[in-house]
Amino acid sequence: MEGTLTSDVLKDRPNWELFRDGCPGGESPQEVAARADRFIARVHSLAGNVLAFSSGHIIRMIAARWHGLAPATGRVFFCDPASVGVLGFEHDRRDQPVIRLWNYVGETRE
């Protein structure tokens, strides 16, 4: 359920994991992966660079799916709040996806 804390879910489902089991009462990992795949397909259809903003959980799924990995793999792509990640391609080849930058948070200026 939207707004439910992880600690509350774990009380009812001690072995629960978001990227494996999905959100109780919400999307399954496969549904989130399909949404990420649609985004990636849209990005691939565009020329040039694309800038996107989103929340951490879908960004983690996009990173996994960018590499063709299973939805549960999204768990390993931890995102710091307000950080920058850059996905790209090795040698600009679309068949060689890479993570160019992950969890970058610049120094604050005073």
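The values are calculated or read from the model by the stated rules, or taken from the named source; none is laboratory data. Treat the numbers as computed from the prediction; the structure is a model and nothing was measured. Every residue, glycine among them, receives a Cβ derived from its backbone with ideal geometry; neighbour counts consider all protein chains shown. These area figures cover heavy atoms from the full protein model, side chains too; ligands, DNA and RNA do not enter into them. Shrake-Rupley method; radii C 1.70, N 1.55, O 1.52, S 1.80 Å.
Accessible area per residue of the chain at 1.4 Å probe, in Å²?
Averaged over the residues of the chain, the accessible area is 72 Å².
Is the shape of the chain best called rounded, prolate or oblate, per the rule: a/c under 1.5 gives rounded, else a/b larger than b/c gives prolate, else oblate, with a ≥ b ≥ c the square roots of the Cα gyration tensor eigenvalues?
Judged from the Cα gyration tensor, the chain comes out oblate (a/c at least 1.5, b/c at or above a/b).
Tell me the carbon and sulfur percent of the accessible area for the range 20-100, rounded to whole percent, probe radius 1.4 Å.
With neighbouring chains kept in place, the figure for the range 20-100 is 55 percent.
With θ set to phi - 60°, apply the Karplus curve 6.51 cos²θ - 1.76 cosθ + 1.60 along the range 9-17 and write out the HN-Hα couplings as whole Hz, x wherever there is a Gly or Pro.
Per residue, the Karplus-derived 3J(HN,Hα) values read 4, 5, 5, 8, 9, x, 9, 5, 9 Hz.
Amide H to amide H under 5 Å from residue 102: which residues, 5+ apart in sequence or cross-chain, H placed 1.01 Å off N in plane?
Amide H neighbours of residue 102, under 5 Å, 5+ apart: 86.
Can you list residues whose amide H is under 5 Å from residue 89's amide H, if they're 5+ apart or on another chain and H is modeled 1.01 Å from N?
98
Divide by every residue of the chain the summed helix terms, -39500 (n - 2.57) for each DSSP H run of at least 4, and state the resulting mean residue ellipticity at 222 nm, rounded to the nearest 500 deg cm²/dmol.
Rounded to the nearest 500, it is -10000 deg cm²/dmol.
Which chymotrypsin sites (Phe, Trp or Tyr not before Pro) does the range 70-110 hold that lie in a coil by DSSP with at most 16 other beta carbons within 10 Å?
Those satisfying the criteria are 78.
Using a 10 Å cut-off on Cβ atoms, rank the peptides 36-42, 47-53 from the highest mean neighbour count down.
36-42, 47-53
Please list 3J(HN,Hα) in residue order for the range 81-95, calculated via the Karplus relation 6.51 cos²θ - 1.76 cosθ + 1.60 where θ = phi - 60°; whole Hz, with x for glycine and proline.
Per-residue couplings from phi come out as x, 6, 9, 10, x, 10, 9, x, 9, 5, 6, 6, 9, 5, 8 Hz.
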